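Worksheet for the structure shown next.
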Amino acid sequence: MPTSKIAGIGCYIPENKVTNEDLKQYMETTDEWIQERTGIRERHYAHRTKETTTTMAVEASKIAIERAGITALDIDFIVFATLSPDYYFPGCGVLVQRALQMKEIGALDIRNQCSGFVYALSVADQFIKTGMYKNILVIGSEKHSFGLDFSTRGRNVSVLFGDGAGAVVLQATEKEGQGIISTHLHSDGQSAELLAMYNPGTHANHWVKEPVADYTDAAIGEMFMSEQMIDKAQNFPFMDGPAVFKKAIVKFPEVIMEALTKNRLTTADITILIPHQANLRISQFVQQKLALRNDQVFNNIQHYGNTTAASIPIALCEAWQQGKIKEGDLVCMAAFGSGFTWASALVRW
Ligand code: ACO
């Protein structure tokens, strides 16, 4: 049975760097607060009109495809993870297919927020293991900056997020012991509303304990995105930060240990852990809990903030570019986020 190796990796970071100091012109915040609570020093924002989630993904994909030594015409399938798509529908996968002038291959979008890339990798891995496809383009890309509340009201969320894209070519290999060893996917929808963007959506308050809008007099056509929703900032992401933090520091170590235990490996076997970059404090907590050395954990949230589905492929790409990942190394990726969903993947490079 073939396994899936990462044959090429690329990332794209938009040019516009936004420091914590820069954010002070929009909201009441301080560089000290942001650095102390999150570790973030700066993030990058895509160009308002010239860059989208898809255009950034295309740039990252071109690099990944070139590094894999193939062309866009060799790609058999696209799996695209994002929570900030160019359109409500269709998804970004088809836009990549068009932009890279690929064959009329399948394209699938994944909506699993911070764990989206690991989910996408897992889906692609199954297609390769069954022999259905040989080269799959797996992408994580986000343009958060277009949809954040930059007033003081939204500061607990907006300071965290940044834009960017990462992509890998997942390729079938027969080489013994190389590639994705296993992936582990989880969800717990009990807390779905603790980290969510409610609108535009069809919920009409069905699930929400605190009504997010008065729908009683809403006319058809107003339901999708009313002025009232916009006034109350219900078109922006909501997050109960402390609740998410508490769950994350339990689920991150748990899902990493699940992957290691399943494969009779220990934390000492990990060459490098690429955690989803949600908060430096979360990564440090996980490192401490698993007694990992500094060189076993890769963090770059200081420079990019939380880029959600893009954070793992960007970090993986940078770690690889810095020579921190070599053939034969054991790479562990782990993520936790909205849903809640969490996931891990173990890869023998
Ligand atoms: N600047 C200054 N003060 C702020 C800011 C800011 N940017 N944001 C919030 N504050 C204030 C709050 O108003 C509050 O003030 P108060 O005490 O007067 O009420 C105080 O700081 C503390 O707020 P908390 O929200 O309790 O701060 P906390 O220490 O929990 O840090 C944070 C917030 C950084 C968001 C943290 O909770 C966190 O990282 N949570 C997890 C995030 C995460 O992992 N998300 C998952 C991935 S995202 C995804 O899936 C899309």
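The values are calculated or read from the model by the stated rules, or taken from the named source; none is laboratory data. Note that this is a predicted model, so its numbers are computed, not measured. So basically every Cβ, Gly included, is an ideal-geometry build from the backbone, and we count neighbours across all protein chains shown.
Need pairs with beta-carbon distance below 7 Å; first residue buried (at least 21 other Cβ atoms within 10 Å of the Cβ) and within segment 304-326, second basic (Lys, Arg); sequence gap 6+ or separate chains.
These pairs meet every condition: Tyr304/Arg43; Gly305/Arg43.
Does Asp214 satisfy being modelled with pLDDT under 65 and either over 22 Å from Val159 (Cβ atoms) or within 12 Å of the ligand (Cβ to nearest atom) (or both)?
yes
Residue by residue, here is whether (1) hydrophobic (A, V, I, L, M, F, W, C); (2) in contact with a Pro (Cβ under 9 Å, 6 or more places away or on another chain) holds:
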residue: Arg264; (1), (2): no, no
residue: Lys289; (1), (2): no, yes
residue: Phe298; (1), (2): yes, yes
residue: Ser311; (1), (2): no, yes
residue: Asp329; (1), (2): no, no
residue: Trp349; (1), (2): yes, no
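Do the conditions hold for Arg98, that is, is it of a type outside the set (Gly, Ala, Ser), over 27 Å from Ala196 (Cα atoms) and surrounded by fewer than 24 Cβ atoms within 10 Å (Cβ to Cβ)?
Values: of a type outside the set (Gly, Ala, Ser): yes; over 27 Å from Ala196 (Cα atoms): yes; surrounded by fewer than 24 Cβ atoms within 10 Å (Cβ to Cβ): yes.
So Arg98 passes the test.
Take residues that are under 22 Å from Gln321 (Cα atoms) and tell me which of the strands (runs of 3 or more DSSP E) falling wholly in segment 9-83 contain 1 or more.
Qualifying strands (runs of 3 or more DSSP E): 16-19, 42-45.
Name the pairs whose Cβ atoms lie under 7 Å apart, with the first residue in segment 21-33 and under 22 Å from Arg281 (Cβ atoms), the second more than 9 Å from the ligand (Cβ to nearest atom) and outside any helix (DSSP H, G or I), and 6 or more positions between them or separate chains?
If the second residue must be more than 9 Å from the ligand (Cβ to nearest atom) and outside any helix (DSSP H, G or I), the pairs left are Met27/Phe150; Met27/Ser151.
Pick from Leu280, Leu273, Leu346: which is in contact (Cβ under 8 Å) with a residue 40 or more places away in the chain, under 21 Å from Asp163 (Cβ atoms) and buried (at least 17 other Cβ atoms within 10 Å of the Cβ)?
Leu280
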